[in-house]
Amino acid sequence: MAQTDAPLRARAEAETERLPPLLARADRLARTVIMGEHGRRRAGTGDDFWQYRPVQPGDARGAIDWRRSARSDAQFVRQREWKQAQSVMLWVDPAASMRFASHKDLPEKADRARLLALAVSLLLERGGERVGMTGTALPPRCGAAQIARIAEALMSESGEDHAAPDMTGLVPHGRALLISDFLGDPAPLRAALVAAADRGVRGVLCHVLDPAEEAFPYRGRTIFQSMAGTMQHETLRADDLRARYLDRLAARKDALASLAAATGWQYGCHHTDSGAQSALLWLYRAISEGGAGA
Amino acid sequence: MTLGAIGFATPWLLWALLTLPVLWLVLRAVPPAPVRRRFPGVALLLGLRDEDSVSDRTPWWLLLLRMLAVAAAIVGLAGPVLNPRDAGGAARNTPLLIVVEDSWAAARDWQAQRDVIDGALSEAARDGRTAALMRLSAPERPVFRAADDLRSRLPGLMPEPWRARPETYAEAAALLPEGGIETRWFSDGLAGDGREALLAALEARGPVVVHESARPVLALAPPVLDEGMVALRAIRAGAGGALDITIAAHGRDPAGAARVLARLPLGFAGAEATGRLSLPPELRARIDRFEIEGARHAGAVSLSGDGLRRREVGLVAGRADREGLELLSPLYYLRKALAPNADLIEGALLDLLPANPDAVVLADVATLSEAEDSALRDWVEAGGVLVRFAGPRLAASDVSRGQEAALMPVRLRAGGRTVGGAMSWGAPKTLAPFPDDSPFRGLAIPEDVAVTAQVLAQPDPTLAERVIAQLGDGTPLVTRKRLGAGQVVLFHVTANAEWSSLPLSGLFVQMLERLALSSVQAAPAEAELAGTVWQPVQVLDGFGRLIEAGTRAGVAGERLLDGTLGPDLLPGIYQGPERRVARNVIGPETGLAAATWPARVPIEGLARAPETPLGGWLLALALVLMLGDIFAALAVSGRLWRGGVTAAVLVALVALAPHAARAQAGDDARAIEATSETVLAHVLTGDRAVDDAARAGLRGLGRVLSFRTSVEPAAPIGVDLERDDIAFYPMLYWPVTQTQPIPSAEAYARLNDYLRSGGLILFDTRDADIAGYGAASPNGARLQRLAAPLDIPPLEPVPEDHVLTRTFYLLNDFPGRHMGRAVWVEAAPPDAARVEGMPFRDLNDGVTPVVIGGNDWAAAWAVTERGDPMFPVGRGFTGERQREMAYRFGVNLVMHVLTGNYKSDQVHVPALLERLGQ
C-alpha cells in the first residue's frame, strides 16, 4: 500500500499546487469585470431601501416606519428592495478531449474552461449568487469557501473521450453554465437540455474550441487519434478532408445554437487563442441577464 | 572497365543501376508512414472517406535522397578506382625488367620516378610476375625475383653522379637473358650514345615502355672569372619555353657558417642562360659552389675549387722607390705580373702579415728585424709562400752568409757575380731547361731571356735538391726550401730588369703562376697534372650534395679533368700537391642534348596520379544518405522531434569532441597568465568560504604591494594541487581546513619539487593556535597530516634577527586576523653566530621553504572588489593598526620570496665600507 500511497499523495499535491494559480488567475480575470449587486427593482426582502408606502390594512403595526409617519398625517410602511439570490450550476466537461492544445503556446481547452468557470463563479459569488456544480456533490451555496470547493471540484478529470453533462441536482428555475467542446455525441446533451428546460432551468452553452479544430491545418497521410485513444481515423490525404470536416463542425455549431434557442438557452463559441476576458464578460452577461430573456 | 579516369573492379555490378527506375516507381507507390496525430475532433471525422484513393506521394526530394543512397551503394560496391593502373594487358605474365638510367640527370625527379617504379612493381606483384632491376650506371646481370622482394629494395636505389658511358649500353645488352621480357625503361631525359643497341635488344625480347620526366634537365657550367665578375652559364637539354631560374652561390660567411652568399636570377630563352655576378673579391673567395636552386642534382652544382680565389699577395720592397724611376722599381714588374689575377697588398711587413696573405714577396730585402723575422717565420710555417728576390742589398748584406738563415733557401756567397757585362768576359747566361721535379717543368723558355747578374749559392749538400731553376752553366737561378707547411723561394736575380731580362718575359708570369702566387683560372695544364695523384676531399652524390670523400682512392692527374666520370672518378674537390682542383659534372664545353626515342616506343611521364579506390567513400556516402533518409522520413511523418532522445544523442556527440581540446587550451592560457606577471596563488581547499577568503586576501595583499612596492602582482589564482602546475608561482598560500583532502602522491612530488626549487608555502591554520602546541587544534592536526610527506627542513619560531623581520618593513611580530603566537620558519644552521659588531647573525642562505602560522592572514588582508576590508580585525584604531601590521607581514613575505636573503647581505655593508676606507 505504501507504494500506491506515495504516488497518490504526490498527485494530490501536484493537483493542489495547480489550484492557487488557477484561483489567482480566475480572481484576476474576475476583477476586470466591475459590477454591483443587481437589485430586483421591486420591493421585497433585502437590505436596501426601496420605498415608503401608505399603510394598508393587514400591515403589522411593527412594520410602520414611525419616523416617516411623524412627518405627515398618514402612516407609512418602509419597504425594502427585493433581492433574489440565484442558483447557478456549473458543468465543465472533464473529458479527455478537452485536454488538447494544438500549439505549446496555447492553453488546453480544459484549462481555459476551468478558468472561465472559476472566474464566473467568483463574479457570481461577489454578486451574492449561489454557485454550485451540477451533480449532487456540490449544491449551490454562497461564500468564499464555496469558490475553493468549486476550484477543487474543477480539477477532476475523466478518462473518457467525451462526457455527457450531468444534469442532476439542478435547482428549478435556476441557471446553468455548460462549458465543453461539444464534440461528442449530441444526443445526451439534447436530452439534458430538454430536461433542464422542463424544470425551468435556463443557461448558457459555452463552446470552447482550439483554433486547430476550427482550421484543420493537416496534410498528408495521417492517423487521427482521439485524446483518450478510443477512436481513430486514418486518411491518406488529410487536406482533402478539411472542407468536409469544417462542414460537419459548422453543422454541429448550428445544431447547438438551434438547440439552445429552442430551450431558451444561450449559445456562445470561444476559441482558446482569443482572450479569456471577452469570453468572461459575455458569459457573465449571458448568465445574469439570460433570466430576463435578453 | 574504365570510365574516364575511373575504373571498376566489378563492372557487372553496375547493371544494378538499371533497377533504379523500378525502385523509383515502387517508392512512389508506397506512401510514407502516416503521421499520428492526437485530435479531439476525430469524432467529426468518423465515417468520412477519402475521395482519392492514391495517397500523398513521397516528397520528390526524399525519393531523390533514397535513389542517391542506393546508387552510391551500387557504384561503391562495383569497386571504382580513380586512376587505375593499366589493366588492359592483365594477361601478361612475362617477367618485368626495369631499366633505370640512374644518372645525375634522373635525380631531378627521383622520388616521382621511384614512385612509378614502385607502382609498376606492386602491379607486377599483384599479377604474380617476377621482376628485375637493371641500373645502367653499373649494369649487372638482371636477376628476376618476386616483385615484392624487389620493391623492398627500392629505397636503396639512389642516383649516381655520372652517366652511363656509350659502351655501357652494349654491356647491358649483352647481360640480358633470353626469353620474353617486358621492359620499362626509366630514362634520365638526356641523349646517350649507344642507347639504340640496348633498346633494340630489349625490343627483341618484348614490349618496351619508356618513362621520362617532363621536366627539362638543367645544368650549370663551371663559373668563369671575367673582368672581375663571375660569369655563369646554365644550359638545358633541348629548347623550350622561357624559364626563370636562380643560381645560388654557397659558401661560408665570415663566421664560418655555411650559407648562400649571393643569388643570380637567370632567364632561359633558348638552350642557354648566361649572367654575370659581381662580387667583392673577399666574398668571391669564400664561394664553395654554385647551384641552380631547386634543381637538386649533381649537374646543377658547379664546384669552384680554387678557381675563383684571388690570391692576396703582399709586396715588400727593400728600398724606397725613387721618384720618377718607376721602371726601376723592384716591384714594378711584380705588380704588372700579379695585378690581373691577385689582390696586392703593399706596406710594411708587420702590417701585412695580420692580413694573412697567401704569399709575400720580398724584393731585395736583406735584413729583417727580429720581430719581423719571427712573425714571417710563423706565417711561412703555417703555410705561407715567401718569395724573395735578390738585389744589390741582398748581395751586399751578410744574410745567410756563414750559416743558412731560416728564411733563405740557401747560403749565399758574398758579392754575387756579374756575367756578360761591359767589363767582363763571356756572354750573359741563358736558362737551362727546368728539371723534372721542378714546379716549372714544361714551361717553354724564351730564347731572349738572359741573366747578367745573380747572387750565388754556397755549394751545400742540400743545394741540389733545392734548385728548381738554373742557368745554362748550372748555377742556381731559383731555389726553394720547404719550411713547415709553407715554402721559401729565392730568385737569385732582381725583380726588375736590372740583373736579367726575366721579368720582361712571359715566362716570369708563368713562373709566378706555378708558384701559386696568382690564382690560376685555367685548368691546370696537362703537364702539371702528368704523373700526379689527386686525392678526393669531398665528392658529389647524384643529388648534388657534397659528402666527405673518406678513404676513396686517389685519381691520376691525367684522368682528373678529362676522364669520363664513373665509379672511379667522381665529381668533387681533389687535393693535389700544390692546390685543389674541382672536378664538375659539367665541364666548360659539355653540352646537353635531350633524349630522342624512336616513334614506335611509347613514352610515359612520371606524373601519374596515384591509384585511389573510391569504393569506401561511396559506401560511406551511401550510409550518410541513408542516415539522412532516416531523419527525413521521421521528419515527414512528424516524429523527428518526438524522438528527442536521438537529437540529444546527436547533440551530445557533437558537443563531446571539442571538450578535451578546450581543456588543453585552458591549461596553456593558465600557464601564460601565471607566467606573464607575478601571480600570488593560493591552494584550493575545497571549502568555498575559505577559498574565497584566501583569494580576497591575496587580492588585498596584491593591492598593497602595488601601492607600496615595485611588485605589482596580477589577480591571484587558485591552484588545484592535483591538476595544476604550481611551478609558475613564487609563493603559495595554503589555508588549512579540516575537510581538506590529502593530496595524491603525484601532487606531493610536485610540491616537493616546488619547495626544492625555491618556492615558498605559507601554511595558515587560521586558528591562532599552532605554535608550540602542535596538534592541539583540529586544524593543527590536519596540518601535520598535510605536511608530513613534504620535504621540510627543521623549523624554529622566527628568530628576532630573521631576514623576514626586515625585508621591507621592520617587524617584531606577524599578526593576521589573530594576534598570534610565533610563526615558524626554517631553522638557522646551528653554527650561525653573530659577528662582532653586527646587528644580525649571518643566517642561512636562500628562502625558507615554508612559513607556518595560524594568524589567518588572508582574512586580515581580504578586500572586496571595491577595496573595502571584508573581515573585521580587532577593535577600532587598534584593529586597523593590526591590519596594517598584517599587510606589512605580507609585504615582507613577498619581498622575502622574491629577493631572498638580499637584506641579509645588506647588513654587511657597514663592515665593507669600513674595510674599504682603510
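What follows draws every value from the coordinates through simple rules; no lab data is involved. Just so it is clear, the structure is predicted and the values come from calculations on it, not from any experiment. Neighbour counts run over all protein chains shown; Cβ positions are idealised from the backbone, glycine included.
Points worth noting:
- Comparing B:ALA172, A:GLY264, B:TRP734 along the charge dipole axis of the protein assembly as shown, the residue lying farthest to the positive side is A:GLY264, per the Cβ-charge model.
- Computed from phi, the 3J(HN,Hα) profile of region B:119-134 under the Karplus parametrisation 6.51, -1.76, 1.60 (θ = phi - 60°) reads x, 4, 5, 5, 5, 5, 5, 5, 7, x, 8, 8, 8, 9, 10, 10 Hz, with x in place of Gly and Pro.
- What the Cα atoms of region A:114-167 give is an Rg and a Dmax of 11.6, 35 Å.
- Amide H contacts of B:ILE6: B:ASN83, each under 5 Å away and 5 or more positions distant or on a separate chain (H built 1.01 Å from N in the peptide plane; Pro and chain starts excluded).
- Net +/- balance of residues flanking A:GLU234 in space, Cβ distance below 12 Å, scoring K and R +1, D and E -1: +4
- Calculated log₁₀ intensity ratio I(q)/I(0) where the Debye formula runs over C-alpha points of the protein assembly as shown, q = 0.08 Å⁻¹: -1.06
- Efficiency of FRET from Cβ geometry, B:GLN111 and B:GLU178, R₀ 35 Å, rounded to 0.05: 0.55
- Sites B:TRP12 and B:ALA242 - FRET efficiency at Förster radius 56 Å, r taken between beta-carbons, to 0.05: 0.65
- For chain B, the 222 nm mean residue ellipticity estimated from helices alone, with every DSSP H stretch of n ≥ 4 adding -39500 (n - 2.57) and the total spread over all residues, rounds to -9000 deg cm²/dmol.
- A simple spin-label model places the labels of B:ASP562 and B:ALA787 9.3 nm from each other, with each point 7 Å out along Cα-to-Cβ.
- Under 13 Å, Cβ to Cβ, from B:LEU176 - net charge with Lys/Arg +1 and Asp/Glu -1: -3
- Residues whose placed amide H lies under 5 Å from that of B:PHE186, excluding near-sequence neighbours: B:VAL99, B:VAL100, B:GLU101, B:HIS211
- The Cα-based radius of gyration of chain B, divided by its Kirkwood radius, gives an Rg/Rh of 1.19.
- Mean partner shielding of peptide A:223-229, defined as the number of other chain Cβ atoms within 10 Å of each residue Cβ, is 6.
- Label point distance in nm, B:THR590-B:LEU48, each placed 7 Å from Cα along Cα→Cβ: 9.4
- Exposure proxy ranking for A:LYS253, B:LYS481, A:LYS109, based on other Cβ atoms within 10 angstrom of each Cβ and starting from the fewest, stands as A:LYS253, B:LYS481, A:LYS109.
- Amide H contacts for A:VAL77 (H built 1.01 Å from N in the peptide plane; partners 5 or more residues away or on another chain; cut-off under 5 Å): A:ARG53, A:VAL55, A:ASP65.
- Taking Cβ atoms as reference points and 14 Å as the exclusive limit, the residues near B:VAL863 contribute a net charge of +1, counting Lys and Arg as +1 and Asp and Glu as -1.
- Cross-link partners of B:LYS336 among lysines (Cα-Cα below 30 Å; sequence separation of 8 or more within a chain): B:LYS429, B:LYS481
- Folded to 0 to 90 degrees: helix B:745-756 orientation relative to chain B principal axis, Cα: 60
- Lysines whose Cα lies under 21 Å from that of A:LYS253, excluding same-chain neighbours fewer than 8 positions away: A:LYS109
- Counting only DSSP beta bridges whose two residues both lie in the protein assembly as shown, roughly 55 percent are antiparallel.
- Rounded to 10°, Cα long-axis angle of helix B:778-787 versus longest principal axis of chain B: 20
- Dipole magnitude (debye, nearest 20) for the protein assembly as shown, charges at Cβ of Lys, Arg, Asp, Glu: 5500
- Taken about its Cα centre, chain B carries a charge dipole of about 2100 debye when Lys and Arg each add +1 at the Cβ and Asp and Glu each add -1 at the Cβ.
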